[in-house]
1. Grab the Cα-Cα distance for Leu22 and Val3, subtract it from 0.36 nm times how many residues apart they are, and report the gain in nm with one decimal.
2. Please work out the average accessible area per residue across the chain, using the 1.4 Å probe convention, and give it in Å².
3. How high is the relative contact order of segment 115-174, given as a whole-number percent (alpha carbon pairs under 8 Å, six or more residues apart)?
4. Could you tell me the calculated FRET efficiency between Ser52 and Lys142, based on Cβ-Cβ distance and R0 = 25 angstrom, to the nearest 0.05?
5. Extension gain Tyr63-Ala94, at 0.36 nm per residue separation less the Cα-Cα distance, in nm?
6. First compute the accessible area of the chain with a 1.4 Å probe, then give the percent of it belonging to carbon and sulfur atoms.
7. If you keep only loop residues by DSSP, which trypsin sites (Lys or Arg not before Pro) in segment 76-179 have at most 12 other Cβ atoms within 10 Å of their Cβ?
8. Where the eigenvalues come from the Cα gyration tensor of the chain, what are the semi-axes √(5λ) of the equivalent ellipsoid, largest first, in whole Å?
Amino acid sequence: MTVGIAMGLGNLLSLQMERMGLILPAYIGAMIVAAVMRNVGDRFHWLDVAQSDVDLVGRIALYLFIVMALITLRLWELAHLALPLVAILAAQVALCWGMCVTIVYWGMGRNYESAVTSAGFCGFMLGITANAVACMEELVEKFGAAPQSFLVVPVVGAFLIDFTNSMIITALANVTARW
């Protein structure tokens, strides 16, 4: 029910932002409302959301996203780009791996939390926030909880980076459309 309320109010917020001339992806309103609801609810103890329920909804959404993304791919249209894509992917994986095992792991403290954060960084750099969470969940299911990593990576990845990127890209698209 809480997710539905956040989505409904988020849709109203997105429509209001659109009326003000601010064009953003539709999910931004829901993201803002959900963040406010969660923080205010945790602060004043009026919204009791079990973390297991949040994890379940997140896992279902991740699986749905992956299936929908794979179903909509039209790989035959990209066949002529196969070799350049493989070269770029190999370079990206090598660079990401190097950063994960050096900068992130060592910079975050060389402990279990830093390993889980590094896995999240790897997932984020090779995809999106959903990949980061999936990578971290694999480690956590096998080796135990990593609460700091699950606080930092999704907040930075989903909220700060995705939100900021969508605002910057939309703003630049609106500016170029006016030229």
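The values are calculated or read from the model by the stated rules, or taken from the named source; none is laboratory data. The model shown is predicted, which means the values in this text are computed figures rather than measured ones. Note that we place each Cβ from the backbone using ideal geometry, even for glycine, and neighbour counts take in every protein chain shown. Please note that ligands, DNA and RNA were not included when accessible areas were found on the heavy atoms of the full protein model with its side chains. Shrake-Rupley method; radii C 1.70, N 1.55, O 1.52, S 1.80 Å.
1. Values: separation 19, 0.36 × 19 = 6.84 nm, distance 2.41 nm.
Between Leu22 and Val3, full extension yields an extra 4.4 nm.
2. Numbers: 12440 Å² over 179 residues.
Result: 69 Å² of accessible area for each residue.
3. On the way: 47 pairs, mean separation 18.9, N = 60.
Dividing the mean separation by the residue count of segment 115-174 yields 32 percent.
4. Details: r = 19 Å, r/R0 = 0.74.
That pair, Ser52 with Lys142, gives E of 0.85.
5. Numbers: separation 31, 0.36 × 31 = 11.16 nm, distance 2.66 nm.
My answer for the length gained is 8.5 nm.
6. Details: 9070 of 12440 Å².
Summing carbon and sulfur atoms, their accessible area is 73 percent of the total for the chain.
7. Details: sites: Arg110, Lys142, Arg178; in loops: Arg110.
Listed in order of number, the matching sites are Arg110.
8. Numbers: eigenvalues 160, 136, 54 Å².
Semi-axes, largest first: 28, 26, 16 Å.
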